[in-house]
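Everything on this sheet refers to the single structure shown next.
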Amino acid sequence: MKKINYKAKFGTKLKLLRKKHGLTQEEMSELMELSAQHLSYVESGKRGPSFEFIISASEALEIDPSELLFFDDKSPKKAKSPIINKINASIKSMTNAD
């Protein structure tokens with residue numbers, strides 16, 4: 001069984017969404033309050049994202065965090081709506097617990 005490189009898949013998805021929203025790495029890193037170099041490492045798959053990174057990126061892009069975690073071309077909202085709702089509810093409850 002072929003091992004999937006999830007860091008690279010996440011980085012590719014993040015870069016695609018960042019560009020889709022018309023943001024440079026510098027602009028996105030400012031919104032996320034981290035260095036452009038760190039964002040570059042995550043986008044290139046050299047580093048994996050932390051939970052905090054995923055939340056910060058989703059807030060900067062104004063999307064649900066789950067959108068960053070689906071790597072295929074299918075629309076997660078259409079294909080897996082109940083799962084998406086559970087993921088988003090779990091993430092929201094974690095961020096509200098602080």
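Things to note:
- Ordered by solvent-accessible area of protein heavy atoms (1.4 Å probe), largest first, the residues E67, E59 come out as E59, E67.
- Segment L34..K92, full-extension length gain: 18.7 nm, with 0.36 nm per residue of separation and the alpha-carbon distance subtracted.
- For the set K9/K46; K13/K46; K20/K92; K2/K46; K3/K86; K15/K46, the pairs lying more than 22 angstrom apart at their alpha carbons are K20/K92; K3/K86.
- Stretched out straight at 0.36 nm per residue, the stretch from T24 to E59 would grow longer than its current Cα-Cα span by 11.0 nm.
- Think of the stretch 5-71 as a dipole: +1 on every Lys or Arg Cβ, -1 on every Asp or Glu Cβ, centred on the Cα centre; then among L34, N5, I63, N5 lies furthest on the positive end.
- For the pair S44 and T12, the difference between a 0.36 nm per residue extended length and the Cα-Cα distance amounts to 10.8 nm.
- On a per residue basis, the convex hull of the C-alpha atoms belonging to the stretch 9-50 measures out at 59 Å³.
- The residues L16, L34, L68, sorted by heavy-atom accessible surface at 1.4 Å with ligands and nucleic acids left out, run L16, L34, L68 from largest to smallest.
The values are calculated or read from the model by the stated rules, or taken from the named source; none is laboratory data. These figures come from a predicted structure and were not determined experimentally. Cβ sites come from the backbone with ideal geometry, for glycine too, and all protein chains shown count toward neighbours. Heads up: the accessible areas ignore ligands, DNA and RNA and are worked out on the full protein's heavy atoms, side chains in. Shrake-Rupley method; radii C 1.70, N 1.55, O 1.52, S 1.80 Å.
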